[in-house]
Amino acid sequence: MPPSPQSLQYTAIALNDESFMLDIIKRSQTTFCNDPWFAKVKQSCASSSASVSTSASSPSAPAMSALKQHTYAVRNGVVCRLQGDYFAPVVPPSDRDLQRLILLELHSSGLGGHLALRKMHKEVSNRFFWPGLKKDVEKFVKQCVVCQAGRSSTQKPVGLLHPHDIPSRPFDIVSMDFITGLPLTARGNDAILTIVDHFSKYITLLAIPATTDAHATA
């Protein structure tokens, strides 16, 4: 179910107002404080008044590997993760609604402008963090209808069609086609295999079941 316009407006205001944004993140962290991954991060931050680097031992809860060798800290009452020289607010993994709102605002709105995958990931990761963020961004961008319809293909241009060589003898070159959707016969056939010889234009018609596979056709 898509977010309401009010929710999008709320997120847009938050993304442009740092204090308001931090307030939203703080509420999310309070609501989802029992999330296994987030509880572990918060416990690590509480063990020291300064930023702490979590141990490499990974708990069994999902996404716990994101705790390895990363620095987390509490900034203005909000649990953050060090991203280069900036502490990015941590969105609890269980708050999928807030994660989607952030992706929508940073990609689909006028603020985002439908960024490509790499730019979109950089934009989100520079401002927020949650486990699996990169995969969520990739999935979101690939499912964006506007992006898929508006961007040109990166594949090589399709080559020109080349006609067959003129055959020199019968059955040197043949073509096959199927006519399906016909009434079922007493022998269980409901399709016709047509074989055309390009030299003599001789046509062979064979009654077959529509379920005939390539091996049986050969």
Find all pairs meeting these conditions: Cβ atoms under 9 angstrom apart; at least six residues apart or on different chains; first residue within the range 200-218 and under 20 Å from residue 171 (Cα atoms); second residue of a type in the set (Ser, Thr, Tyr).
203/194; 204/194; 205/194; 206/194
State the number of residues belonging to the range 28-61 that are at pLDDT 80 or above and either closer than 17 Å to residue 73 by Cα or hydrophobic (A, V, I, L, M, F, W, C) (or both).
14
Among (1) crowded, with 18+ Cβ neighbours inside 10 Å; (2) in a loop (DSSP other than H, G, I, E, B), the one test that residue 106 misses
(2)
For the range 122-151, which positions are among the acidic types (Asp, Glu) and under 26 Å from residue 40 (Cβ atoms)?
136, 138
What are the residues in the range 193-218 that are of a type in the set (D, E, K, R) and assigned to a strand (DSSP E or B), if any?
197
What do you reckon, is residue 137 β-branched (Val, Ile, Thr), under 30 Å from residue 100 (Cα atoms) and at pLDDT 90 or above?
yes
Looking at 178, 199, which is the one that is among the aromatic types (Phe, Trp, Tyr) and touching a strand residue (DSSP E or B) at 6+ places or on another chain (Cβ under 7 Å)?
178
Quick one: residue 167 ticks every box in (1) out of contact with any helix residue (DSSP H, G or I) (no Cβ under 9 Å at 6 or more places or on another chain); (2) loosely packed, with under 14 Cβ neighbours inside 10 Å bar one, so which box is it?
(2)
Quick one: which of 197, 172, 190, 177 is farther than 30 Å from residue 75 by Cβ and either touching a Gly at 6+ places or on another chain (Cβ under 7 Å) or exposed (fewer than 11 other Cβ atoms within 10 Å of the Cβ) (or both)?
177
Can you find, within the range 102-135, the residue that is nearest to the chain's Cα centre (by Cα) among those that are of a type in the set (D, E, K, R) and farther than 20 Å from residue 26 by Cα?
135
Restricting the search to the range 69-93, which residues are in a loop (DSSP other than H, G, I, E, B) and either at pLDDT below 85 or surrounded by 20 or more Cβ atoms within 10 Å (Cβ to Cβ) (or both)?
69, 70, 76, 84, 85, 91, 92, 93
In the range 114-171, the residues that are in a loop (DSSP other than H, G, I, E, B) and hydroxyl-bearing (Ser, Thr, Tyr):
152, 153, 154, 168
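The values are calculated or read from the model by the stated rules, or taken from the named source; none is laboratory data. Please read all numbers here as calculations on a predicted model, not as lab measurements. Positions of Cβ are backbone-derived with ideal geometry, glycine not excepted, and every protein chain shown enters the neighbour counts.
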